[in-house]
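In what follows, a structure is listed as structure tokens, so that the remarks can point back to it.
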Amino acid sequence: MTEVRFSHVRKSFGSVIALAGLDLDIKSGDFVSLLGPSGSGKTTTLNLLAGLHAADSGDILIGDKRVNDLSPDRRNIAMVFQNYALYPHMTVFENIAFPLRARGRGFAEAEIQKKVKGVAESLGVASLLARYPKELSGGQQQRIALGRAMVREPGVFLLDEPLSNLDARLRIRMRRDIKALHDRIRSTIVYVTHDQAEALTMSTKIAVFDQGELQQYGSPNEIYHRPLNMFVANFVGEREINFIAGQLQAVEGIPTFIAPGLSLPVNAEERWCSLEPRDAVLGIRTEAIFARPTAGSETVGLVEQVELVGPELVAYVKIGESQLSCRAELSSELRSGDRVHLTFDPAHFHFFDPQTTASLAGSTK
Ligand SMILES: Nc1ncnc2c1ncn2[C@@H]1O[C@H](COP(=O)(O)OP(=O)(O)OP(=O)(O)O)[C@@H](O)[C@H]1O
């Protein structure tokens, strides 16, 4: 079992600051996803940990050892890349066995047989050992690449977008397989992805990056339900979160969010919610706004677009100056041009400071 620590780690490429002073503690046995848009510093973080780049300053620890000056092969890590990089002229067995033979570790043949078969069984590929890579599907090849990393029994697995070459269905299947594998072996895993669904479903912790800076580090639940700033709120989630600019103020003694066309009572238990009026941005996800047809004179919006999403609809509704994505029942048969009543779930309100973009809950709790 191995923990990993980045302490004030900086890395630039010429004038580009790829990492601006990273502090990150990864506990032994955690499955940590490094999540962020392209160019945010995820791969740089992984490459620094692997020893493929050298940090400009700061310390990188694996276990209790500072590894800044250690070559990749002395760091007790194994990497799996998105292109699998299997050897085409070797069988599956030989591909998995390769690190045991190549490193001249002096394993007896019987031991190599035992280790390779053990790994193959745990990945469900024991029946494929005699095949060549070209005789395998993409998902099977990715499993063999994982097996080749596992057979070394490293302290830390580094995975760089390993599912990005697979089709959508297979990716979902492999997510579950990798999670189940982690549940079994409990190794420390550092996993780079720009796919928020992958990070939410597999990880024990997610580190969200933007522009070389760690924005938030927490469990999937914390990241999704308690985003610390507008970037995290918007990046994590299946579709963009709705942001509405307005004001928090007391209406008849009740804290209320006011925006053009909207007046929404706020959960009064929120400790940060003083009765002093202040500008705020409300972040609210699609699933926390429910649209239903109306003929009456209630608060209404106008449906501009409708999408069928599995068992329900997502309606894009114009209200005041905003267009909000909302859930609706399939049976409502909403169409563009319909007028709808919107119900907001105040348990899922996230308020942000419009200037700093930081969460109001995070700043004063
Ligand atoms: N070898 C390099 N030379 C010059 N600039 C680099 C190099 N590697 C990374 N960068 C720059 O550093 C920044 C961070 O890159 P990094 O690869 O870590 O991002 P990323 O989040 O992994 O992105 P992606 O998802 O596209 O791989 C980017 O601006 C990138 O252009």
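Quick rundown of the values:
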| read-out | value |
| --- | --- |
| Test: residue in the stretch 26-39 that is within 16 Å of the ligand (Cβ to nearest atom), among the aromatic types (Phe, Trp, Tyr) and under 18 Å from the mean Cα position of the chain (by Cα) | no |
| Set Ser33, Ser57, Ser40: member being touching a strand residue (DSSP E or B) at 6+ places or on another chain (Cβ under 8 Å) and more than 26 Å from Leu200 (Cβ to Cβ) | Ser57 |
| Failed criterion for Asn229 (all others in (1) at pLDDT 95 or above; (2) not assigned by TED's automatic domain parsing to the domain that holds Ile26 hold) | (2) |
| The stretch 161-173, residues that are more than 16 Å from the ligand (Cβ to nearest atom) and small (Gly, Ala, Ser) | Ala168 |
| Residues within the stretch 174-198 that are under 17 Å from the mean Cα position of the chain (by Cα), closer than 13 Å to Val32 by Cα and either hydroxyl-bearing (Ser, Thr, Tyr) or more than 16 Å from the ligand (Cβ to nearest atom) (or both), tallied | 7 |
| Filter result (surrounded by 18 or more Cβ atoms within 10 Å (Cβ to Cβ), within 18 Å of Phe157 (Cα to Cα) and aliphatic (A, V, I, L, M)) within the stretch 62-92 | Ile62, Val67, Ile77, Ala78, Met79, Val80, Leu86 |
| Sole residue being hydroxyl-bearing (Ser, Thr, Tyr) and surrounded by fewer than 19 Cβ atoms within 10 Å (Cβ to Cβ), chosen from Thr294, Thr286 | Thr294 |
| Cβ pairs under 6 Å, 6+ apart, first in the stretch 33-53 and assigned to a strand (DSSP E or B), second near the ligand (Cβ under 6 Å from one of its atoms) | Leu34/Lys42 |
| Selected residue (only one of Ala180, Ala130, Ala149 is in the same structural domain as Gly29 (by TED's automatic domain parsing) and under 13 Å from Thr91 (Cα atoms)) | Ala130 |
| Gly58 being assigned to a loop (DSSP other than H, G, I, E, B) and either at pLDDT below 95 or surrounded by 14 or more Cβ atoms within 10 Å (Cβ to Cβ) (or both) | no |
| Filtered residue count, the stretch 40-55, keeping only those that are within 11 Å of the ligand (Cβ to nearest atom) and surrounded by 17 or more Cβ atoms within 10 Å (Cβ to Cβ) | 10 |
| Residue match in the stretch 65-75 (condition: more than 16 Å from the ligand (Cβ to nearest atom), in contact with a His (Cβ under 8 Å, 6 or more places away or on another chain), part of a strand (DSSP E or B) and not polar (S, T, N, Q)) | no |
| Residue within the stretch 124-139 that is among the small types (Gly, Ala, Ser), surrounded by fewer than 19 Cβ atoms within 10 Å (Cβ to Cβ) and at positive phi present | yes |
| Odd one out for Leu86 among (1) closer than 21 Å to Arg175 by Cα; (2) more than 12 Å from the ligand (Cβ to nearest atom); (3) in a strand (DSSP E or B) | (3) |
| Residue that is farthest from the ligand (Cβ to nearest atom) [pool: residues in the stretch 1-25 that are within 23 Å of Leu159 (Cβ to Cβ) and in a loop (DSSP other than H, G, I, E, B)] | Met1 |
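The values are calculated or read from the model by the stated rules, or taken from the named source; none is laboratory data. Worth saying up front: this structure is predicted, and the values here are computed from it rather than measured. Methodologically, a virtual Cβ is constructed for each residue, glycine included, from the backbone with ideal geometry; neighbour enumeration extends over all protein chains shown.
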